[in-house]
1. Going by amide H atoms built from the backbone, whose H comes under 5 Å of the H on Ala305, apart from near neighbours?
2. Mind checking the stretch 691-760 for trypsin sites (Lys or Arg not before Pro) that DSSP puts in a loop (not H, G, I, E or B) and that have at most 16 other Cβ atoms within 10 Å?
3. Using a cut-off of 10 Å between beta-carbons, work out the net charge of the residues near Val630 (Lys and Arg +1, Asp and Glu -1, Val630 not included).
4. Probe of 1.4 angstrom, ligands and nucleic acids ignored: what's the accessible area per residue over the stretch 122-190, in square angstrom?
5. How high is the relative contact order of the chain, in percent, with contacts defined as C-alpha pairs under 8 Å that are six or more residues apart?
6. Under a 5 Å amide H to amide H cut-off, with H placed in plane at 1.01 Å, what residues pair with Ala106 once short-range neighbours are removed?
7. Pop out the ³J(HN,Hα) list for the stretch 237-245 in order, Karplus 6.51 cos²θ - 1.76 cosθ + 1.60 with θ = phi - 60°, rounded to Hz; leave Gly and Pro as x.
8. To the nearest Å, what is the center-to-center distance of the stretch 137-184 and the stretch 499-526, using C-alpha atoms only?
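The values are calculated or read from the model by the stated rules, or taken from the named source; none is laboratory data. Owing to the predicted nature of the structure, the values given are computational and were not obtained by experimental measurement. No Cβ is skipped: glycine too gets one built from the backbone with ideal geometry, and neighbour counts run over all protein chains shown. All accessible areas refer to the heavy atoms of the entire protein, side chains included, with ligands and DNA or RNA removed. Shrake-Rupley method; radii C 1.70, N 1.55, O 1.52, S 1.80 Å.
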Amino acid sequence: MSAIIGTSVKRSDLLGKVTGAAKYVADIVLPGLLHGKTLRSKVAHARILRIDTSRALALPGVKAVLTHENVPRVLHAGSPHPRSASVTCDQYILDDKVRYWGESVAVVAATSEDIAEAALELIDVEYETLPAVFTVEDAASPGAPPIHDRAPGGNLVLAPVTFTRGDVERGFAEADLIVEDEYEGGRPTPAYMEPNVCTCQWDGNGNLTVWISTQTAFMVRGIMAEVLGLPLHKVRVLVDHMGGGFGAKQDLFQTEFLCALLAKQTRRPVRFEYTREETFLGGRSRHPAKIWLKQGFKKDGTITARQARVVFNSGAYGSHGPGVTIVGTSALTSLYRCDNVHLEGRCVYTNSPIAGAFRGYGVVQTYFALDVQMDEAAQKLGMDPAELKLKNAVREGDLAPSNHPIIGHGLEDCIRRGQQEVGWAELRQRRRDPGAVLRRGWGIGCEMHGSSAYPGIKEQGNAIVKMNEDGSVVLLTGTAGLGTGAHTALAQIVAEELGVAFESVAVVHGDTDVVPWDIGAFASHTTYMGGRAAQMAATEVKTQLLARAAALLEATAEELQVSGGTISLRADPERSLSVRDAVSAKKGIPAAQLVGTATYHPTKSYSFAAHFVEVQVDTETGLIEVVQVVPVHEIGKVIHPVAAAGQIEGGIQQGIGHMLYEDYQIDLKTGRSLNANFVDYKMPLAMDMPPIRTIILETAPDPGGPFGAKGVGEDPIVAIGPAIANAIFDAIGVRFRHYPVKPEEVLAALVEQQTSTRSTA
């Protein structure tokens, strides 16, 4: 293997982004561009009795206004995902009913943003206010107001899902210790740098072009065609650069359909660009969750039974609620081995902001509960928590949540390497000062995460590779680049497979009229699935290349090798020719057309991680500081080390935010958003980040991935939260079973701890 795979080559998009030359959707200015703005409801649940747009239409510069009265009434899923168990079909472009505070009621297209904003103030809406419910308990209670007429009952997004293995009652009967408690996760949002933006334009032949910041360009094409009644060849979706998505940009946000309709009505291009507030109001958050978890243990730490009830708050619409419920609940069958399992998952509508896909899709919530409870069980058993997790860690041959056998001992490898790196045994024996104001503690959090959404979605990756007459190469891929450097990794894979320089490979992407179909960037599968398809297409080209070189070198293709742009005999490397010479042109005409295409249908691969975290708790202020993080990840094979480490460190930053700061809050009386901005919604900044010593293992390569590589996109956000929670307990002896943990909660818990200690004494 050459030095391309496993090397941090210079990213192909680096210069454009550093210089500002890279064009994002909001940078594209078209002649005659109109600006779209959205009127949002100031009630959480109501019917629209009357809506008067006459004053807005009369304002100079206003070109069109749309309401539920003059748009097609087509039911859709909100998410352009393939039709599967992942999403719920429960939305209209605009409806005569609003279901949460901030929902779109009308849109305006005008010659300037200021005029569009002024026009919104001139739209009169009369509501019939309906009773609203904001918690899953209220929404699921008898007599609760129905949010959707089509819901299965009790405001359920889908019927409850269950996963059963063995005999859970027998397992609890065999236990020497039973640990049972409730856990809760808040409502963090993705907070991507680039707000949602969409521009639409029609041509004279009725073709629609959509410029959009999306993770799923072909899915957008599909749902736009479906809802607007167009054949696929009439819709073209363009996306070049993106400023993040973290899963949430799988969905459409109503404005995309409205943008197209306004552009059609006005016969001019129209752009909607969300403000930061609108990314909160009209975007997607993580699903708030409540989890009851009960486990049985033998004295030696063996888990005998696991039972759970998981309830996700979907908000006003289903979005990815079904998929999150299935994935998050089924995840509890794994990570730590257990033969007797009974799990139930529910997802409930409320009159709250919409929850959707977000990095760590469902498992952030459930693995938090599982991993914190494992730490508590270790304490009660008098065991080292790392050793308890090692004893029960899933390993080679165990069934993953997808019912696929696990390859290798990735989780064990991560835990053992982390113990070695931080000197875990010595840390467990260190001296403590119970009277210190600043107290430090260590914790460990673990996770496993699949690359691909199989079996919930039968995914497909496609690629086209063609070789130019000078030996350079072009990869055509539909994979999306969220800013992670994915296209650089794919170019490395193609260069490695073909034996040419990385600089010889160009990547064409971001145009649904040009590149092959792709399902989108999610489920940590871009490198795993898109990279494997690219490798397969490159293999086809290599086969053609070597066949041509064999004739020129008077040898068989099996006798040849290609590396560094040179084709040579394995037994006699001096007999060689360059790749360029093998495909050289005469009078500007290629000697041969070398093109490879490939389609890859992945099943499932799992990556693993263990995060070791040190925290410091100030017992006078309640402030928690993450002092250092040592994340150990097993990902099969590293394609681009810096990019992989960047994914891990970025996920850790998001996970620290989840655990200590981030929570999108609403008023539980009115449903009004309370912190829909970056002033009041707190996130960890650069100055808040601790030293991170990232360790990447390659101990369990997966044959389904390119060169054995597996995904790493979502993994790091899963393990860091429980690691922090467990470190807090180690520092101050207080167990927090929810996130985020706020300073005032720390102080209250310490007071309660002191009171309890005095009363016991």
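1. Gly296
2. Details: sites: Arg693, Lys710, Arg735, Arg737, Arg758; in loops: Arg693, Lys710, Arg735, Arg737.
Answer in residue order: Arg693, Arg735.
3. 0
4. Working: 3610 Å² over 69 residues.
The answer is 52 Å² per residue.
5. 16 percent
6. So Ala106 has HN proximity to Leu39.
7. For the stretch 237-245, the Karplus curve yields 10, 10, 8, 9, 9, 10, x, x, x Hz.
8. What the calculation gives is 41 Å, centre to centre.
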